[in-house]
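The next block holds one structure in the form of structure tokens; read it before the comments.
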Amino acid sequence: MYSQVLCGLCQNKEVLRVGAVFASGFIRAIRFLENNWSLLCKDIRNGTIDTRITDASVRGAVMKILRPDSELADFIEAECNKQSWQGIITRLWPNTKYVDVIVTGTMSQYIPTLDYYSNGLPLVCTMYASSECYFGVNLNPLCKPSDVSYTLIPTMAYFEFLPVHRNNGATNSITVPKSLNGKEQQELVDLVDVKIGQEYELLVTTYAGLYRYRVGDVLRVAGFKNKAPQFNFICRKNVVLSIDSDKTDEDELQNAVKNAVNHLMPFDATLTDYTSYAETSTGQGHYVLFWELSFNDSTPIPPSVFEDCCFTIEESLNSVYRQGRVSDKSIGPLEIKTLEAGTFDKLMDYAISLGASINQYKTPRCVKFAPIVELLNSRVVGNYFSPKCPKWVPGHSQWSNMN
Ligand code: AMP
């Protein structure tokens, strides 16, 4: 990271695009710059590379680019020293035309932060891919992030699709089972047979030998390019909060959180990152949301605002959840736990220490693994509960419809 940022700064006029695979990785790089710019400027001024970079081949490669440049170092220092980092990307790299990052799915959460740092440069999502297989491309790269669709390339793998039926928002199964049952096998459709507007789980049979591998993503058919279907990325399928008969998937949680953070706007605070946990070990089971915030203003946020956020999330969740809260009383008030700054970086560091790749890392939107829950709980700075029950109208849930 240090060496790449150093090279990018040394060649700042030549940089035409900045990015990383996922938005979260790119924001991490900006935070790295925030924490290390004075060291980087020292190296640019002296034409040296910090001794903490020990890999000989990396040092050699960077030294080929580096020249002592005090004028550039002064310029970068002056920009980074300014109180506001708004537009820092276009200030440091004035010829940047766009930010090349994936901001679809839950990565859309980072769009306001990217807009802030880039002064609204186009955010370009070029591809939809995984370690197992490359899936598709965005044929309209300059479109708005909310309009992005991916055209699957039929020669990349053999693609099949399992229709997903949503019950009041949540997808039809809690986790992605490894293999398909007989009914599911009959339901599978081929790429040529998908229907516009329908949501599907993606399965791939790859040249490397995976057979009907369940990728775990839910896609929706947005349209066609000639006869090739184009898909919106909706969510990961196996991210589900559940206490009782409720199921809340990634997409629904993301929308609920988006509605809630509107309450923070008057305080000039933004949500840096979030995850969730179904707390069932103590008392009444309830949803816990872990929020890390960043504050541009020093005005403290009153507890009532966080309580309003809890309530808005509950109001935004599906009717099975609200029935559990209001009528069955099987679900307790939703809780928001606010976290110390830097907690999600720590979480990423932890995942990387267990072998995750920094470039492919994605914040888990729901956590279950005890060491991660412990890490989050050890950095809680405040906790708030929903003060009242959300609205729920009998007769509007899947269960009462069935009765
Ligand atoms: P990995 O195999 O770790 O690289 O992760 C692949 C997963 O990343 C996919 O199955 C998706 O869940 C997610 N992903 C990849 N590309 C995109 C994209 N363009 N938009 C949203 N999520 C994506």
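Assorted remarks:
- Matching residues in segment 359-384 - criterion: being open to solvent by less than 90 Å² (accessible area, probe 1.4 Å), of a type in the set (A, V, I, L, M, F, W, C) and touching a residue at least 40 places away in the same chain (Cβ under 8 Å): C366, V367, V373, L376, V380
- Some residue of segment 388-401 being within 16 Å of the ligand (Cβ to nearest atom) and either closer than 16 Å to S276 by Cβ or in a loop (DSSP other than H, G, I, E, B) (or both): no
- Y207 meets all of the listed conditions (1) in a strand (DSSP E or B); (2) more than 11 Å from the ligand (Cβ to nearest atom) but one, namely (1).
- Hey, V101 at pLDDT below 95, within 25 Å of the chain's Cα centre (by Cα), hydrophobic (A, V, I, L, M, F, W, C) and not in a helix (DSSP H, G or I) or not: no
- The one condition in (1) in contact with an Asp or Glu (Cβ under 9 Å, 6 or more places away or on another chain); (2) surrounded by fewer than 23 Cβ atoms within 10 Å (Cβ to Cβ); (3) under 20 Å from T248 (Cβ atoms) that L334 fails to fulfil: (2)
- When I27, I49 are screened for being among the aliphatic types (A, V, I, L, M), buried (at least 17 other Cβ atoms within 10 Å of the Cβ) and more than 30 Å from Y110 (Cα to Cα), only I49 passes.
- The residues in segment 177-204 that are buried (at least 17 other Cβ atoms within 10 Å of the Cβ) and within 16 Å of the ligand (Cβ to nearest atom) can be counted, and the count is 6.
- Among the strands (runs of 3 or more DSSP E) confined to segment 112-163, the ones with at least 3 residues that are more than 15 Å from G223 (Cβ to Cβ), more than 9 Å from the ligand (Cβ to nearest atom) and in contact with a helix residue (DSSP H, G or I) (Cβ under 9 Å, 6 or more places away or on another chain) are located at 158-163.
- Of all residues in segment 227-257, those satisfying the criterion of being in contact with a Leu (Cβ under 9 Å, 6 or more places away or on another chain) and surrounded by fewer than 20 Cβ atoms within 10 Å (Cβ to Cβ) are A228, N232.
- Test set (1) under 20 Å from K368 (Cβ atoms); (2) surrounded by 18 or more Cβ atoms within 10 Å (Cβ to Cβ) - T280 fails condition number: (2)
- Total residues in segment 68-93, condition over 30 Å from K258 (Cα atoms) and either touching a strand residue (DSSP E or B) at 6+ places or on another chain (Cβ under 9 Å) or modelled with pLDDT under 95 (or both): 1
- Subset tally (residues that are charged (D, E, K, R) and either buried (at least 20 other Cβ atoms within 10 Å of the Cβ) or over 23 Å from D249 (Cβ atoms) (or both)) for segment 103-158: 2
- Qualifying positions in segment 214-226 - open to solvent by 30 Å² or more (accessible area, probe 1.4 Å) and over 23 Å from the mean Cα position of the chain (by Cα): F224, K225, N226
- T96 assigned to a loop (DSSP other than H, G, I, E, B), away from the ligand (no atom under 16 Å from the Cβ), at pLDDT 95 or above and over 30 Å from A228 (Cα atoms): yes
- Out of F75, F22, sole residue that is open to solvent by 20 Å² or more (accessible area, probe 1.4 Å), within 26 Å of L347 (Cα to Cα) and not β-branched (V, I, T): F22
The values are calculated or read from the model by the stated rules, or taken from the named source; none is laboratory data. Treat the numbers as computed from the prediction; the structure is a model and nothing was measured. Methodologically, a virtual Cβ is constructed for each residue, glycine included, from the backbone with ideal geometry; neighbour enumeration extends over all protein chains shown. Ligands, DNA and RNA are stripped out before the accessible areas are found, and what is left, the full protein with its side chains, is counted by its heavy atoms. Shrake-Rupley method; radii C 1.70, N 1.55, O 1.52, S 1.80 Å.
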